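Participant: Attaching a single structure in structure tokens format; questions to follow.
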């Protein structure tokens, strides 16, 4: 009964393979022979369990519907040794018939398969097959087959394994698709390209011709001035709109069309005297036009410098028993990065600390690992020079909260970054 069901399954699969092959262009099929190392279940057959490892010889035929999917039929003869005091002879043999669906990975690096097997050794066994293999190309029509497979019996739950080495002949390869030329690489094949010499990077229409000949951003179909000079400001119809005095206000809106070059103007194109950085010094007299609003400035609009001691401290939190940073983009982290970049002559010590959970030796190791992790984050993510940072682990020697609670442990799992320097900075208003 089991054998007839398997033959029915094989027949249906064969019909399906033929149907798929008719619906899709032929890709690749093969016929081959192989040898196997075969390892049966040590409990087989019950109750004596005398079968031992052996070999198998067989053949297969496969049909590949497309680059990803195929089906394979396999028939082999198995020769097994026997072991144990109750063995009835020096060996036993049988046959195995199977069918597998095959999935080929990208670039045929390997294939995965699964299917059914009907095995006859003293008794009949129906099994599920699964495994991985590869077809190694020797020539256009020859492949070496390597494969590892497992088998699971549906009835007695036996587990068996095999390793295959074989040789296959390839037939029915797909016919290469016709080559279509695109000489100017504009995305339009030469057969329909009316402008076959379009410059590289040119935007073209379906006929391969430039959609904006003068490059003014207005398509040829609506451009009433198709020869506009390069870089000109144009209206919606593609015609140039001029700015005679180059003050950034187009002539059609300019109430003062003869403004001297470099003059600051208002929306109407007329000169104004501004205080762009709002420091109380008009731009016409301001020698430092981008002074921060918080800085105290001199009469010429530049920041007044004073010398003072500056420092910053930072807390970085970690999960229990982890060096994974929980708050890499916190406001404190970003503020510290800004500080280091603003004061480029400073150096910092990254101090790692842990909670008191666990041994002191392990906490010392973990704190150093956390310090190294934070230092690496500042170097790789924020571009701070590694030579400006030192990582040091202090374990559980400097607890912030000595209570034996979850809240206290979380506070103690931290990184402190300390940096200080004497710098010249600006006085505030």
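Participant: Can you compute the FRET efficiency between residue 46 and residue 75 using 1/(1 + (r/R0)^6), with r the Cβ-Cβ distance and R0 = 35 Å? Round to the nearest 0.05.
Facilitator: Calculated transfer efficiency: 0.85.
Participant: Once you place label points 7 Å from the Cα toward the Cβ at residue 182 and residue 294, how far apart are they in nm?
Facilitator: The modelled label-to-label distance comes out at 5.4 nm.
Participant: Let me ask you something else. So how do 135, 409 line up by other beta-carbon neighbours within 10 Å, fewest first?
Facilitator: 409, 135
Participant: Kindly put 127, 82 in sequence by how many other C-beta atoms sit within 10 Å of each C-beta, fewest to most.
Facilitator: With the fewest neighbours first, 127, 82 line up as 82, 127.
Participant: In nm, to one decimal, how far is the residue 233 label point from the residue 197 one, both placed 7 Å along Cα→Cβ?
Facilitator: 3.7
Participant: As an exercise, use a Förster radius of 56 Å and the Cβ-Cβ distance of residue 142 and residue 287 to find the FRET efficiency, rounded to the nearest 0.05.
Facilitator: The calculated FRET efficiency here is 0.10.
Participant: Taking R0 as 60 Å, what FRET efficiency do you get between residue 276 and residue 405 from their Cβ-Cβ distance, rounded to the nearest 0.05?
Facilitator: That pair, residue 276 with residue 405, gives E of 0.65.
Participant: Could you put 69, 136 in order, starting from the residue whose Cβ has the fewest other Cβ atoms within 10 Å?
Facilitator: 136, 69
Participant: Could you give the length gained by full extension between residue 342 and residue 152, i.e. 0.36 nm per residue of separation minus their alpha carbon distance, to one decimal place?
Facilitator: 61.7 nm
Participant: Based on alpha-carbon atoms only, what is the radius of gyration of the stretch 306-426 relative to the globular estimate 2.2 N^0.38 Å?
Facilitator: My calculation over the Cα atoms of the stretch 306-426 gives 1.09.
Participant: Report the gain in length on full extension from residue 317 to residue 189: 0.36 nm times residue separation, minus Cα-Cα distance, nm rounded to one decimal.
Facilitator: The residue 317-residue 189 span can extend by a further 40.2 nm.
Participant: Separation of the stretch 113-152 and the stretch 350-378 by C-alpha centroid, Å?
Facilitator: 51
Laboratory data are not the source of any read-out in this text; all were calculated from the coordinates shown. The model shown is predicted, which means the values in this text are computed figures rather than measured ones. Glycine also receives a Cβ, built like all others from the backbone with ideal geometry; neighbour counts cover every protein chain displayed.
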